[in-house]
Amino acid sequence: MKNIYAAVIVSFSLLTLFGFQNSQAQNGTIRGFIYEKETGEPIIFTNVYLYKTSFGAASDVNGYFAITKIPPGNYTLMVTYLGYDTLRMDVNVKPDQIYTKNLYLTKSSVMLGTVSISAERQAASTETQTSIVKVTPLDIKQIPTVGGQADIAQYLQVLPGVIFTGDQGGQLYIRGGSPIQNKVMLDGMVIYNPFHSIGLFSVFETDIIRNADIYTGGFNADHGGRISSVMDITTRDGNKKRMAGKIGASTFGASVLIEGPIKKQPENGGGSSSFIFSAKNSYLEQSSKVFYNYVNEDGLPFNFLDLYGKLSINGANGSKLNLFGFNFTDKVNYQDISDYSWDAFGGGANFVVIPGSSPVLMEGIFAYSSYKMQMNEENQQPRMSSINGFNAGLNFTYFMGKDELKYGLELNGFKTEFEFFNENGSRIQQEQNTTEISLYGKYKLTAGKFLIEPGIRLQWYASLSEISLEPRFAMKYNATDRTRIKLAAGFYSQNLISARSDRDVVNLFYGFLSGPDNLPEEFDGEEVTSKLQKSQHLILGVEQDLSNHLTINLEGYYKYFPQLTNLNRYKIYDENDAPAGTPDIEKKDFLIEKGKAYGIDLSLKYKKKGFYFWSAYSFAFVERYDGTIWYYPHYDRRHNLNMLGSYTFGALQQWEISVRWNFGTGFPFTQTQGYFEKLLFTDGINSDYTTENGIMGIQYAELNEGRLPTYHRLDFNLKRFFFLSETVKLQADFSVTNIYDRENVFYVNRITSDVVRQLPIMPSLGLTMTF
């Protein structure tokens with residue numbers, strides 16, 4: 001323990017000293033925040049530069065920018081961003097001085113036809129950005145929506161390397177990683193299930209999102225605790241100038257958003273406070289009896305309610321404190337085959353601090369999150385799982401010219417409870433408390449055409465008494481102004497494991513367990529020395545701007561999982577009652593596996609004036625080895641293709657039409673060979689097998705050797721905007737999901753052979769008023 005604390009203290013001291021020494025230069029610094037003048041909302045990824053020099057920066061997700069190591073002299077500071085008037089300001093830089101400038105941009109009254117330089121294009125050459133997609137509400141709203149309810153769940157389905165189980169089920173798989181291996185954060189708070197049972201909707205209201213970073217692999221040292229991917233979502237502040245909001249309703253559900261100032265921001269800037277609150281729900285179970293009774297005369301059984309609120313307190317220099325909370329619920333009954341429900345709630349606070357005499361950005365988070373789910377299935381034992389806990393962190397970012405140092409400390413604590421019965425009727429139960437402490441640091445170095453970003457993360461798992469040292473690395477080579485080659489690699493670990501059954505034809509239940517310490521002593525002939533799940537990523541890609549409007553991105557990836565923990569499908573005996581000499585594989589609750597995921601992702605994006613086209617294709621393999629057999633997990637999909645197009649037209653750009661087509665080859669599943677009467681021998685050796693009544697047993701075929709049919713779906717959306725006043729806008733939507741009524745498979749009950757299909761053709765109407 002003492003060695004752990006010593007390593008943490010020494011590492012922290014070295015990083016602090018290194019950052020401080022590099023910040024001491026005989027030059028000046030200009031820093032501050034970029035805000036929208038109309039609402040006071042930070043403007044992210046904005047170009048900020050000194051005219052006719054090479055000094056510049058882009059604002060981050062908080063709107064913060066820092067231009068450092070500026071030689072003394074007189075300059076013109078310029079800020080440019082699409083849709084806003086260019087801002088110009090004369091500045092006089094003096095040695096060893098830090099100037100804090102909060103800048104306000106005004107929306108442009110002139111519609112620009114073509115913009116050749118954007119913050120997105122600049123970030124492509126100044127950030128490593130390997131296997132990362134940055135998503136804003138504008139991106140989300142470009143895809144066909146359901147009843148006018150644009151949602152990030154619908155957008156994620158078109159990203160390369162991302163696999164969804166379909167319209168129902170709501171599970172996300174990223175480059176070979178299962179949902180338990182994908183970390184989701186909302187304002188720094190951990191969200192354990194971001195998607196509803198109807199896979200068209202997430203728990204996040206689109207209009208409260210400021211930005212979402214989707215890391216499909218190779219993420220650097222500032223993220224940890226998961227071995228596949230990260231989704232980091234930041235919400236925006238409430239309007240600091242006036243009361244505003246949105247009310248919407250469709251044949252699927254309704255939503256409301258209200259925001260406004262508590263303390264109004266002065267015209268010339270200064271301190272302020274604001275709030276934002278959103279609520280959305282599904283009443284599809286009721287409305288489907290009227291509009292979609294051809295699907296199920298008893299109604300579509302999807303119910304959810306999502307509540308989110310945030311209070312923002314802003315200082316005059318840009319420092320801020322956010323307080324937030326949420327409650328998300330979901331309940332569904334799949335045509336009397338299974339009842340499935342979950343409830344999540346939590347809250348917390350995060351802050352941004354700008355010290356007065358140092359070019360550093362300090363950020364912190366403390367939050368609590370709880371999630372509980374249960375499933376009752378016909379002819380099966382019930383399943384239950386819950387997880388609740390806190391996460392806290394403190395991060396520092398130093399800006400040193402074009403270079404950047406970031407380091408921080410994170411603390412996580414959570415409790416898991418779990419109850420499950422495997423196919424042999426053996427009960428698996430666990431209740432455990434876990435604590436994790438991590439220290440990380442990364443440094444971005446700009447050297448000519450190279451961007452080099454090494455990182456290191458030290459992760460300590462207290463409940464397992466184990467330390468994981470995880471080096472990370474990213475690099476980009478700007479070969480030309482239009483061609484960029486990129487690389488990312490790293491080591492990753494996690495403690496949480498999934499509680500699911502590999503026997504489900506389509507999986508519904510995802511429980512959470514802390515990594516157990518009672519594992520088999522050997523795996524594949526070798527001693528098991530670690531209790532963690534681990535992975536290693538290697539990603540190589542190339543970006544090519546074929547024109548100012550057309551970009552192509554190609555990435556190849558390989559993820560190796562040297563150790564995974566899974567529920568033991570071979571368990572026969574309870575460990576305490578097992579006969580002497582029983583092998584671990586027949587008595588342990590969990591088994592060790594290893595695996596690999598590899599493939600190629602290709603995406604193409606074209607954007608010019610009102611036309612937008614996006615296409616993404618993935619060719620992928622996911623394989624697992626449990627010590628006995630190699631098999632394909634249930635989310636292995638060989639081919640996945642998404643094509644999306646939208647066009648905005650009209651004198652006021654008041655019309656928008658969009659279409660999206662998705663094609664995916666079938667998922668693996670374990671086929672059923674037959675049925676038999678299974679005797680439980682409830683009285684042990686005293687049981688009379690001639691008179692005892694058994695239960696139905698299932699004879700399974702080889703694990704996941706079957707394949708479900710291919711999945712494909714075409715969606716259409718038409719929008720019309722009515723501008724009622726300067727601040728009031730009405731949006732009318734007409735959409736059709738699954739235009740050609742493809743009968744995609746969702747769920748099969750092994751006992752009754754009942755098949756539940758994915759959603760059929762479903763037209764929808766929606767109205768949304770923004771004010």
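Applying 1/(1 + (r/R0)^6) with R0 = 30 Å to the Cβ-Cβ distance of Asn693 and Val756, what FRET efficiency is obtained, to the nearest 0.05? Write down the numbers at each step before the final one.
Details: r = 30 Å, r/R0 = 0.99.
Plugging the Cβ-Cβ distance into 1/(1 + (r/R0)^6) gives 0.50.
Taking square-rooted eigenvalues a ≥ b ≥ c of the alpha carbon gyration tensor, is segment 223-275 rounded, prolate or oblate, where a/c under 1.5 means rounded and, failing that, a/b exceeding b/c means prolate? Walk me through the intermediate numbers first.
On the way: a/c = 4.59, a/b = 1.27, b/c = 3.61.
The shape class here is oblate.
If the cut-off is a Cα-Cα distance under 21 Å, which lysines reach Lys594, setting aside same-chain residues fewer than 8 apart in sequence?
Lys183, Lys531, Lys534, Lys559, Lys571
Using the Kyte-Doolittle scale, which helices in the chain average at least 0.5 and also have C-alpha atoms spread 18 Å or more along the helix axis, with helices defined as whole DSSP H runs?
Working: long enough: 2-23 (32 Å, 0.98).
Sorted by number, the helices that extend far enough and score high enough are 2-23.
Once you have a ≥ b ≥ c as the square roots of the Cα gyration tensor eigenvalues for segment 494-610, tell me rounded if a/c is under 1.5, and otherwise prolate or oblate according to whether a/b is larger than b/c.
Numbers: a/c = 4.02, a/b = 2.60, b/c = 1.54.
Prolate is the answer for segment 494-610, as a/c is 1.5 or above and a/b outweighs b/c.
Excluding residues on the same chain fewer than 8 positions from Lys444, give the aspartates and glutamates whose Cα lies under 13 Å from its Cα.
Partners found: Glu127, Asp222, Asp403, Glu404, Glu453.
In deg cm²/dmol and to the nearest 500, what is the mean residue ellipticity at 222 nm of the chain if only DSSP H runs of at least 4 residues count, each as -39500 (n - 2.57), divided by the residue total? List each step's numbers first, then the result.
Working: 5 runs with 47 residues, N = 771.
So the helix-based figure for the chain works out to -1500 deg cm²/dmol.
In the neighborhood of Glu522, defined by Cβ-to-Cβ distances under 15 Å, what is the net charge if each Lys or Arg adds +1 and each Asp or Glu adds -1? Could you put the intermediate results ahead of the total?
Numbers: positive: Lys531, Lys587, Lys588, Lys594; negative: Glu521, Asp524, Glu526, Glu527, Asp584, Glu586, Glu593, Asp626.
Summing Lys/Arg as +1 and Asp/Glu as -1 gives -4.
Under a crude label model (7 Å from the Cα following the beta-carbon direction), how far is Leu469 from Lys52 in nanometres?
Roughly 5.2 nm, to one decimal.
Mind checking the per residue accessible area of segment 532-691 for me, 1.4 Å probe, whole number of Å²?
Details: 7710 Å² over 160 residues.
About 48 Å² of surface per residue is accessible.
Please list, in chain and number order, the residues 5+ apart from Leu496 or on another chain whose amide H is under 5 Å from its amide H, with Hs placed from the backbone.
Under 5 Å from the amide H of Leu496 lie the amide H atoms of Gly515, each far enough along the sequence or on another chain.
Once Rg and Dmax of the Cα atoms in Å is worked out from the coordinates, which option in [x] 29.7, 109; [y] 40.9, 129; [z] 27.0, 98 does it equal?
From the options [x] 29.7, 109; [y] 40.9, 129; [z] 27.0, 98, the structure gives [z].
Work out how much length Phe649 to Glu677 would gain on full extension: take 0.36 nm times their residue separation and subtract the Cα-Cα distance, in nm to one decimal. Walk me through the intermediate numbers first.
Values: separation 28, 0.36 × 28 = 10.08 nm, distance 6.52 nm.
Difference between extended and current length: 3.6 nm.
Check the straight Cα-Cα distances from Lys240 and name the aspartates and glutamates below 17 Å, setting aside those fewer than 8 residues away within the same chain.
Glu36, Glu38, Glu41, Asp207, Glu259, Glu267
List, in the order given, every pair from Lys476/Lys596; Lys310/Lys331; Lys246/Lys310; Lys37/Lys107; Lys52/Lys406 whose Cα-Cα distance in the structure shown is over 19 Å.
Working: Lys476/Lys596 25 Å; Lys310/Lys331 25 Å; Lys246/Lys310 16 Å; Lys37/Lys107 8 Å; Lys52/Lys406 29 Å.
The answer is Lys476/Lys596; Lys310/Lys331; Lys52/Lys406.
According to the square roots a ≥ b ≥ c of the eigenvalues of the Cα gyration tensor, what is the shape class of segment 600-663, taking rounded for a/c under 1.5, prolate for a/b larger than b/c otherwise, and oblate for the remainder?
Numbers: a/c = 6.20, a/b = 3.78, b/c = 1.64.
It comes out prolate by the Cα gyration axes.
Around Gly541, under 11 Å between beta carbons, what's the net of Lys plus Arg minus Asp minus Glu among the other residues?
Charge balance near Gly541 sits at 0.
Subtracting the Cα-Cα distance from 0.36 nm times the residue separation, let me have the gained length for Thr106 to Glu575 in nm, one decimal. Intermediate results must be reported in sequence, preceding the final value.
On the way: separation 469, 0.36 × 469 = 168.84 nm, distance 6.88 nm.
That pair, Thr106 and Glu575, stretches by 162.0 nm at full extension.
The values are calculated or read from the model by the stated rules, or taken from the named source; none is laboratory data. Computed from a prediction, not measured in an experiment: that's the story for all the values here. Every residue, glycine as well, gets a Cβ built from its backbone with ideal geometry; the counts of neighbours run over all protein chains shown. We work out accessible area using only protein heavy atoms, side chains counted, and drop any ligands, DNA or RNA first. Shrake-Rupley method; radii C 1.70, N 1.55, O 1.52, S 1.80 Å.
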